[in-house]
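Trainee: Before anything else, here's the structure in question.
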There are 4 protein chains.
Amino acid sequence: MSNDNIEQKRQELDQLNLEILKLINQRAALSKEIGQLKLAQGTNKFDPERERHMLNQIAEHNQGPFEDSTVQHLFKQIFKASLDLQKVSSQKTLLVSRKQKSEDTVVQIDDVKIGAAGHPQMFVGPCSVESLDQVRQVAAAVKEQGLFILRGGAFKPRTSPYDFQGLGVEGLKILRQAGDEFGLKVISEIVTPGDIEVAVEYLDMIQIGARNMQNFELLKAAGKVDKPVLLKRGLSATIEEFIYAAEYILANGNTNVILCERGIRTYERATRNTLDISAVPILKQETHLPVIVDVTHSTGRRDLLLPTARAALAIGADGVMVEVHPDPETALSDAKQQINIPQFREFMSELKGTKIASV
Amino acid sequence: MSNDNIEQKRQELDQLNLEILKLINQRAALSKEIGQLKLAQGTNKFDPERERHMLNQIAEHNQGPFEDSTVQHLFKQIFKASLDLQKVSSQKTLLVSRKQKSEDTVVQIDDVKIGAAGHPQMFVGPCSVESLDQVRQVAAAVKEQGLFILRGGAFKPRTSPYDFQGLGVEGLKILRQAGDEFGLKVISEIVTPGDIEVAVEYLDMIQIGARNMQNFELLKAAGKVDKPVLLKRGLSATIEEFIYAAEYILANGNTNVILCERGIRTYERATRNTLDISAVPILKQETHLPVIVDVTHSTGRRDLLLPTARAALAIGADGVMVEVHPDPETALSDAKQQINIPQFREFMSELKGTKIASV
Amino acid sequence: MSNDNIEQKRQELDQLNLEILKLINQRAALSKEIGQLKLAQGTNKFDPERERHMLNQIAEHNQGPFEDSTVQHLFKQIFKASLDLQKVSSQKTLLVSRKQKSEDTVVQIDDVKIGAAGHPQMFVGPCSVESLDQVRQVAAAVKEQGLFILRGGAFKPRTSPYDFQGLGVEGLKILRQAGDEFGLKVISEIVTPGDIEVAVEYLDMIQIGARNMQNFELLKAAGKVDKPVLLKRGLSATIEEFIYAAEYILANGNTNVILCERGIRTYERATRNTLDISAVPILKQETHLPVIVDVTHSTGRRDLLLPTARAALAIGADGVMVEVHPDPETALSDAKQQINIPQFREFMSELKGTKIASV
Amino acid sequence: MSNDNIEQKRQELDQLNLEILKLINQRAALSKEIGQLKLAQGTNKFDPERERHMLNQIAEHNQGPFEDSTVQHLFKQIFKASLDLQKVSSQKTLLVSRKQKSEDTVVQIDDVKIGAAGHPQMFVGPCSVESLDQVRQVAAAVKEQGLFILRGGAFKPRTSPYDFQGLGVEGLKILRQAGDEFGLKVISEIVTPGDIEVAVEYLDMIQIGARNMQNFELLKAAGKVDKPVLLKRGLSATIEEFIYAAEYILANGNTNVILCERGIRTYERATRNTLDISAVPILKQETHLPVIVDVTHSTGRRDLLLPTARAALAIGADGVMVEVHPDPETALSDAKQQINIPQFREFMSELKGTKIASV
């Protein structure tokens, strides 16, 4: 008898489910209409006072068995879903989102494409630009490998004010000169809005570094130039925060953004940072932007550059950044983690020959 | 007109809210009845097949504007709230919870009370028991300060198999002997269920260490003895996991549990671990158990023992654990973070004299 | 016999120790002289090529039993110690360091002192400045409590570009007006170097937020104004990085810097961040600057504001920052974690009455 | 003149370097001899009292320019190097280390090999064993793919004492029966030393889970059986701690150990854990043991299983563990992250067809 009883009550429950469903959708439709009226008035969609009023009313009328806090929690979920619905309907899907644009963004500089499926790019060069001679040596090696992009730091964000801070504009000029000589596109980091103007004069792409991922004024300024921007993930930024940081750039008009996973800060010290390799497929799913991996900063170890570059390509990254210096031991920054030119040749040769063992 | 319009639609919305509220509560009551029928039958409350059936049905009948995934999400929240209601009604509120028992648990061993408001206790002793002489020296210092509890490690969980692993049962005997001589209650860590039986013979309290916080068989075994258990938070355990670990002990019958915050693993290396001081008031709110702070392991630095002990007492901890060794430099474990006996006297004198500057 | 043997060999070892000691100090003296010659020439002290030359030479001459890598490691330690010696001798001890200046820095604005021993200050105000009326209500409450400092955000760094970004200069004016009316010193966050000039016109103190702790151009700009700077610890900054960030400000001429611990990012989600309370005594030891604790952002929970404020004062913080809003539920940012004015009165009353239980 | 002067002083410095080198090596040789004498006596190599004596003596005789703390630091480095030398010479290189055994360990069960270069293995099965029918369905799918290893949890470590705790020995029997029927090797987790005996009766391999990575008594017990052990990295274990945990097993006699990276706990919540992909090449370098990657627990997301499995194979993992359940929605544990059988077929087909884009 008990089983029959359960079965009967379950049918009642199913019926209740469908009634609740109907009402929730009615409520959503009504809430959407209100949202459109408010939009026409130019008022904010989210209205905390109104929400509080409704929550109070719900508690007042609640007769259980659910506790007030439980029904309030359930209604907050309903309110939130309604608000999300309003956002979607009024074009607030993020500009970076795949939902907004399903095809991949391919960033193109002349004939160099970043983000074209099946054609990953290498971003190669010294941590810091130190001299024309130094940069030319690396540029020649990059060219020799049939690659297209040269990186180098001119404005260096350094933990200590007494560390080498980069050559500044002089470094940008060196980079440009070497780029022109070897037919390479050049990229360098900019650290403050005031330097953007001079930077775009010399660079093909602007980099915004990990420490500045939430320097929102810099993001806005980068959103207003017509050069591609490579945005690195912050030292301990969540993927969500990273996506919103990119949105700042797109929201200001610049759609040519490349995302760069560069390791996150964790308790582990065997590597300089912990490469969050899963971020690559997540970013590729959530956004339509190219995603590359900086194997140098994520590991901080020469012996891990090749294996992590392999993992990055296997997981679908659109490129790999690696630091190369003619004589790393004497480098003015990051001496321990850069490779020299013969090591770079070896690295490229091994990387090109990567085979995955079949399971 | 538009404002009138909005106001009118808002009243409709309020009406819908109340109808939904009514149905949700009807649903909850029905679900509770089904739960009781199932309880009578001895079947599990959570029935994933039934839940999937309902979710499918809801998607089938959904006509928007909410997407299927949104309404399914909302219903999952409702299902979960209903299930929680069943749990509550069938006594499944956690035994450690303040909701279950509002007054503080005071753990009492003879006339020594742990958790009595306004009367914090010190847990003092060497990291490892090394010899009777060593333990006697510390015990005398503990007694001299008018304190009641002596700690010392006999079974030492060590990262390397080649490090000193403790004196084992011999260490327990030394501890008991020193405790008896100086009239102190003794506590030591147990690392495997098989040692519990011998441990209760010699100890007044059993400690379960950070590495074993989720050694569930050990927790169950500790739940079956009639000695108080001091449970340390795991190296990177969330507060929620910590609370559930304590629940394992209570669920097995032992209600005399003391919680110990001992620092969590973060990226910061200035300290051995990061003392999560906020965990103390959270644990005091969420549970009725005494909460102490181990200042030695959370900081790993002698110079921080006094300030963190002050913070612990100010925030409402029921006690402080601190490691003291007659000659820390030659200690067989944790040499760097223990204080010697004159330092301990100084520490106690300063701690007793703590004054808080008024704002 | 074996014991005698050991004893004899130990005496030989002691002799060797002293010879090595003598040579290492000779080497240090010589290295210091070279450093001074190079200083006179204006060349950089650290010379990686020279270092590599020496390391190569050492490996060439090494005959064991130590492996080459071991002796190279030991010599690198010696080189580093020598270099540190040169740095110390040429005044490179950090300006923020206690070694540089042993007495506490007291930041003074008119007769309001921050960092005076035994006199902690409260920093109180809304997360965002929303209107003059809102700020006046809080200012009155601050005044009523006999406090001196009013905070409020005008330029808001927000994760999403679509969130409320603050009133900007209008917000600074409101803050100034309320400050003048109630006789309070006012502080607000600046997020980009370009806004510093207008900010100093209206503010008594400038705040640099967690997201900008390593916005080095902003730090440099703040180092050039004659207003005190409150610097917050980065979301996942180490204490060492935090100290270096402060050094950027002092190195640019501004010695009136206040450090603010505001919680770090960890795996724990019971709190918004994890308050690293141990950072307070470490920063007080390592630097001569005032150190305060932001209890609002470190916990993100109203119920933890009072206990963590107590812990902050007990551990020796020079002040506490807490967010207060006339109606937190409707706040444009951080609605969940601000307290209203009656709650603030209760908070102050409880905080003033804090007693520490004696052990 | 100054340059000549510098050059001359540098030559003196070089001379001093070589003298120091000679003495350090003399000291090392002497220290090694003392170590051997002590070994013969059976006394511990590390003697903290002796070390303190030497450090005191060094400070007494130090005449600068180095400070006492600096020379003591340098000598501690020398002492440590000497001690390491003694350890190496007395066979204390870890048994798991590549320095101890340069060739790869291949774990073999009948004709199934784990760790054979170029032949990665899949470890496939449900999170929990729930019924014979359930396990048989998965076993058939494993067999169908030409794979060899079937996993399934019988003893489940669960955060809450009220969650499903596994079928226990009944689960082991089901696993054995399905393994025998389909010709598969079976593996399951053991959580306490007391269950090892019954486990080896039914299993081909024993798994020690993340929560028990530092359950040292369990590691010791697993070291004494003659079945291979798969050891998972702890939730927030460093790579060093992971290696030492494996050493516990080898030190107790069992050399057939497989290491499993399964993600670490970080602040990021887009994934259940953060897959530390770099750990794979580090573990392969540091140890001679096979290393596999658990893509299910490291990501906790079905949509990331394939990309992370690709990355794991590309970086050189010896295998991949993935959870498969005939009907994941109704699974008694980890419902969200398991794939069903058609999804598993798709996963295998895609994984086998993985191509890496050439740079």
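The values are calculated or read from the model by the stated rules, or taken from the named source; none is laboratory data. Please read these numbers as outputs of a predicted model, since none were measured by experiment. Note that we place each Cβ from the backbone using ideal geometry, even for glycine, and neighbour counts take in every protein chain shown.
Trainee: Would you pick out the residues in segment D:87-97 that are more than 10 Å from chain C (Cβ to nearest Cβ) and at pLDDT below 75?
Mentor: The answer is D:Lys87, D:Ser90, D:Gln91, D:Lys92.
Trainee: Please count how many residues of segment C:2-13 are surrounded by 14 or more Cβ atoms within 10 Å (Cβ to Cβ) and not hydrophobic (A, V, I, L, M, F, W, C).
Mentor: 3
Trainee: Also, I was wondering about something else. Quick check on A:Ala309: is it over 22 Å from D:Glu286 (Cα atoms) and more than 7 Å from chain D (Cβ to nearest Cβ)?
Mentor: Values: over 22 Å from D:Glu286 (Cα atoms): no; more than 7 Å from chain D (Cβ to nearest Cβ): yes.
Taking the combined requirement at face value, the residue does not satisfy it.
Trainee: Can you tell me how many residues in segment D:244-270 are under 23 Å from A:Arg301 (Cβ atoms) and either surrounded by fewer than 22 Cβ atoms within 10 Å (Cβ to Cβ) or of a type in the set (Gly, Ala, Ser) (or both)?
Mentor: Looking only at that region, the number is 3.
Trainee: I'd like to verify a number: residues in segment C:290-337 that are surrounded by fewer than 21 Cβ atoms within 10 Å (Cβ to Cβ) and either closer than 16 Å to C:Ile187 by Cα or among the charged types (D, E, K, R) (or both), how many?
Mentor: So the answer is 7.
Trainee: Determine which member of the set D:Ile174, D:Ile109 is closer than 22 Å to D:Val198 by Cβ, out of contact with any Leu (no Cβ under 9 Å at 6 or more places or on another chain) and modelled with pLDDT of 95 or more.
Mentor: Numbers: D:Ile174 fails: out of contact with any Leu (no Cβ under 9 Å at 6 or more places or on another chain).
Exactly one residue qualifies, and that residue is D:Ile109.
Trainee: Does segment B:123-168 hold any residues that are among the polar types (S, T, N, Q) and without any contact (Cβ under 8 Å) to a residue 24 or more places away in the chain, and which are they?
Mentor: Within segment B:123-168, B:Thr159, B:Ser160, B:Gln165 meet the criteria.
Trainee: Right, another one. Quick check on this structure: which one of D:Val295, D:Val280 is without any contact (Cβ under 8 Å) to a residue 60 or more places away in the chain, out of contact with any His (no Cβ under 8 Å at 6 or more places or on another chain) and at the interface with another protein chain (Cβ under 8 Å from one of its Cβ atoms)?
Mentor: Details: D:Val295 fails: at the interface with another protein chain (Cβ under 8 Å from one of its Cβ atoms).
Only one candidate passes the filter, namely D:Val280.
Trainee: Hey, can you tell me all the residues within segment C:340-350 that are of a type outside the set (D, E, K, R), free of Cβ contacts under 8 Å to residues at least 60 places away in the same chain and surrounded by fewer than 20 Cβ atoms within 10 Å (Cβ to Cβ)? Break it down into steps so the answer makes sense when it comes.
Mentor: If we filter segment C:340-350 for residues that are of a type outside the set (D, E, K, R), which is where we start, we get C:340-344, C:347-349.
Now narrow it down to the ones that are free of Cβ contacts under 8 Å to residues at least 60 places away in the same chain: C:340, C:342-343, C:347, C:349.
The answer is C:Asn340, C:Pro342, C:Gln343, C:Ser349.
Trainee: Right, next: State the number of residues belonging to segment A:241-268 that are more than 7 Å from every other protein chain (Cβ to nearest Cβ) and either of a type outside the set (A, V, I, L, M, F, W, C) or more than 13 Å from the chain's Cα centre (by Cα) (or both).
Mentor: Of the residues in segment A:241-268, 8 are more than 7 Å from every other protein chain (Cβ to nearest Cβ) and either of a type outside the set (A, V, I, L, M, F, W, C) or more than 13 Å from the chain's Cα centre (by Cα) (or both).
Trainee: Working only within segment B:181-207, note down all residues that are more than 21 Å from the chain's Cα centre (by Cα) and part of a strand (DSSP E or B).
Mentor: Selection gives B:Lys185 alone.
Trainee: Could you please let me know if C:Lys101 is away from chain A (no Cβ under 14 Å), at pLDDT 80 or above, assigned to a loop (DSSP other than H, G, I, E, B) and surrounded by 14 or more Cβ atoms within 10 Å (Cβ to Cβ)?
Mentor: When the stated conditions are applied, C:Lys101 passes them.
Trainee: Going by what's in this entry, would A:Asp327 be described as of a type in the set (Asp, Glu) and at pLDDT below 95? Please lay out each step first, then the result.
Mentor: Working: of a type in the set (Asp, Glu): yes; at pLDDT below 95: yes.
Spelling it out, A:Asp327 is indeed of a type in the set (Asp, Glu) and at pLDDT below 95.
Trainee: Right, next: Would you confirm whether any residue within segment A:108-120 is in a strand (DSSP E or B), over 29 Å from C:Ser160 (Cα atoms) and touching a strand residue (DSSP E or B) at 6+ places or on another chain (Cβ under 6 Å)?
Mentor: Checked against the condition, which is being in a strand (DSSP E or B), over 29 Å from C:Ser160 (Cα atoms) and touching a strand residue (DSSP E or B) at 6+ places or on another chain (Cβ under 6 Å), segment A:108-120 yields at least one hit.
Trainee: Looking at segment B:141-171, which of its residues are among the hydrophobic types (A, V, I, L, M, F, W, C) and more than 20 Å from B:Asp110 (Cα to Cα)?
Mentor: If the condition is that a residue be among the hydrophobic types (A, V, I, L, M, F, W, C) and more than 20 Å from B:Asp110 (Cα to Cα), then B:Ala141, B:Ala154, B:Phe155, B:Phe164, B:Leu167, B:Val169 are the ones that fit.
Trainee: Still on this model: When only residues in segment B:330-353 that are within 27 Å of the chain's Cα centre (by Cα) and at pLDDT 85 or above count, which is farthest from the other protein chains (Cβ to nearest Cβ)?
Mentor: By that ranking, first place goes to B:Ile339.
Trainee: May I pose another question? For a quick check of your reading: which helices (runs of 4 or more DSSP H) sit entirely within segment B:241-359 and have at least 1 residues that are of a type in the set (D, E, K, R)?
Mentor: B:279-286, B:305-315, B:341-352
Trainee: Here is a list of conditions, (1) on the phi < 0 side of the Ramachandran plot; (2) within 14 Å of chain B (Cβ to nearest Cβ), and D:Gln108 meets all of them except one; can you say which number that is?
Mentor: (2) is the only condition that D:Gln108 fails.
Trainee: Residue check: is D:Leu23 at pLDDT 85 or above, assigned to a helix (DSSP H, G or I) and either at the interface with another protein chain (Cβ under 7 Å from one of its Cβ atoms) or exposed (fewer than 15 other Cβ atoms within 10 Å of the Cβ) (or both)?
Mentor: Yes: the conditions hold for D:Leu23.
Trainee: Checking the conditions here, which among A:Ala117, A:Ala139 is touching a helix residue (DSSP H, G or I) at 6+ places or on another chain (Cβ under 7 Å) and modelled with pLDDT of 85 or more? Don't jump to the end; show me each part of the working.
Mentor: On the way: A:Ala117 fails: touching a helix residue (DSSP H, G or I) at 6+ places or on another chain (Cβ under 7 Å).
None of the other options fit; the residue is A:Ala139.
Trainee: Oh, and also: I'm trying to understand the selection: among the residues of segment A:225-240, which are within 13 Å of chain C (Cβ to nearest Cβ) and surrounded by fewer than 24 Cβ atoms within 10 Å (Cβ to Cβ)?
Mentor: A:Leu235, A:Ser236, A:Thr238, A:Ile239, A:Glu240
Trainee: Next up: Quick check on this structure: which one of C:Gly146, C:Gly166 is at pLDDT below 95 and out of contact with any helix residue (DSSP H, G or I) (no Cβ under 8 Å at 6 or more places or on another chain)?
Mentor: C:Gly166
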